[in-house]
Structure formats: structure tokens, C-alpha cells
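A short write-up of the structure that comes next.
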Amino acid sequence: MKQSFPKATPALAKAVWERQQRPSTRSVARAMTAAGYHVHFMTIWRWKQKGWEDGSGAFPAVPADSLENETRRHLPHATPALAKSVWEHQKRPSARSVARAMTAAGYPIHFTTVARWRAQGWPADYDFHPLDKARAMFDSICPLLTDDPMTTTESFLGDSLGKEEPEALSEAERLRRAEREFSALIILMRHLLVPRLGWLMAERFSELPFLMRTIIVCGEAARLAAFQAERMERAQAAAGQIGAR
């Protein structure tokens, strides 16, 4: 007997798109397919180009206040603009000295990246933070563990990390929160993965490599957040000692 799957619709695709922090046709298609709504990313692209078609069977809109949190506010990270500013403030700048200064302040960067940015004229358009990339990966694969294409980082964690106001947190505190967030995601993913592993290997084996990669990337994100927060806290403490003299 031919296996039947729940029907993917433009309305569901639009709802998933609006739930994801960094949506793309591929991430939405992956999330829907992981939840059992099989759809190709080109179909998502076509539906979006057509204005999500007629919107029949529309899903409720995502409340605006659920999106106003720290995941919508960019985490501090190295950018060409910051590197250029550090370069211009140093008396005898070099790619190595700029990278060393930025890394010491909590903005880890390799000197070859600084050199490349300078050769490119300090480009204005730059990719988003690695922690945001990890969240985007998680958003696209977590429905594999919940069977719900609307599952995102926020709904997955719930209130497990408390309800601190993101605007009241310093950059270092936001990074510490991100560290706890990714550590919690790894624990929760492993907890849900174990009882479903047999089914996943039999029915969704092709999705397992990306799921494993997501767990690894979340671990790397937790370590990066801890490293960046520690460097920022050290820089702030040093600045406070200098100011107190």
C-alpha cells in the first residue's frame, strides 16, 4: 500500500516561514518535510512568488510580541565595519594586530579574515552571527523530533531559561544566555532522539546526517558563546580597573 503523508499547503509554508528566525525556501521545506509534510524547496519558492497563493486553510498569524526577544536582536560579532574602525584607531595597524585586539575584546576573528576584508574595501554586506546560523539550522530540523513544522527554538525551549528582558541584558549576559540556550537544546534533542532513533533510521534515514550536524553545531555555538562572553567580561573588567585609577 502506498504510504500517504499530510498535505503541504501554501498556508502552512507561509506560517512556518514567519516562525523561523532566518527563513529560506530550503529551511522551510526541510522543516515541513521533517514533520511529515513532504514538499520541495522549489515549491516553497513558487508559492512565495505567487504570494502564498489563495491562503486557503490559513494558519493563525504569529503574535508580534513572541518575536520581540533576544533572537531578533543581533548578537555582538566581528564585522568589516568594526575591523575598519579598529584599524583606523591603531597607530601602526596590521591584520594581525587588529584581529588580536578584536579577539581580546570578545569579537573573535582570524587575521586572514581582516586582511580579506581590507582587500575588499571593508564590505558593508556581511553574513550574520554563527550563533544565529546554529539557531537557523535547529529551526529547520527540530520538527523531525516533534512532528510539528511550527516548532522553533523558542517553542522548543519554552520557559526553561527564564523570562529575562533582553533589553536589560548586557552583550556578555546575552552571550551567556545563548550558551545556556544551546546547551539546553542539545540535552533536549538527545532526550527526544533516543526513543525515536529506530523509527528515524527506518523512515527518515536521509535526515539523520543533518540532525547530527545540527547537534554538533549547537555544541560549537555554546562553546563560542562562552568564549566570546568570557573575553568581553575580561575586557570590561580591565576597562573598569583603568577607569578607577
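If the chain between Glu230 and Glu171 were fully stretched, how many nm would it gain, using 0.36 nm times the residue separation less the Cα-Cα distance? Can you show the working numbers first?
Working: separation 59, 0.36 × 59 = 21.24 nm, distance 1.11 nm.
Computed gain between Glu230 and Glu171 is 20.1 nm.
Can you give the charge dipole size of the stretch 185-235 about its Cα centre, rounded to the nearest 20 debye, using +1 on the beta carbon of Lys and Arg and -1 on the beta carbon of Asp and Glu?
60
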Q) Size of the dipole of the stretch 80-119 about the Cα centre, Lys and Arg at +1 and Asp and Glu at -1 on the beta carbon, nothing else charged, in debye to 20? A) 140
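Within a 10 angstrom radius of the beta carbon, how do His191, His40, His77 rank from fewest other beta carbons to most? Provide the component values of the computation, followed by the final result.
Working: His191 10, His40 13, His77 19.
In increasing order of surrounding Cβ atoms, one gets His191, His40, His77.
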(Q) Through the Karplus equation 6.51 cos²θ - 1.76 cosθ + 1.60, θ set to phi - 60°, convert the phi angles of the stretch 33-41 into ³J(HN,Hα) values in whole Hz; use x for Gly and Pro. (A) 5, 4, 8, x, 9, 5, 7, 8, 5
Q) Considering the stretch 80-119, what Rg and Dmax in Å follow from its alpha-carbon atoms? A) 8.6, 24
Q.
Just want to confirm a number: the relative contact order over the stretch 80-119, from Cα pairs under 8 angstrom separated by 6+ residues, in percent.
A. 40
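Can you compute the FRET efficiency between Lys50 and Glu220 using 1/(1 + (r/R0)^6), with r the Cβ-Cβ distance and R0 = 22 Å? Round to the nearest 0.05.
Working: r = 38 Å, r/R0 = 1.73.
My answer for the efficiency is 0.05.
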Q.
Using the Cα centre of the stretch 80-119 as origin and beta-carbon charges of +1 (Lys, Arg) and -1 (Asp, Glu), tell me which of Ala83, Tyr107, Ala95 is placed farthest towards the positive end of the dipole.
A. Ala95
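Coordinate-derived values only; no laboratory data. Bear in mind the structure is a predicted one, so any value in this text is a computation, not a measurement. As a convention, Cβ positions derive from the backbone with ideal geometry for all residues, glycine included, and neighbour counts pool all protein chains shown.
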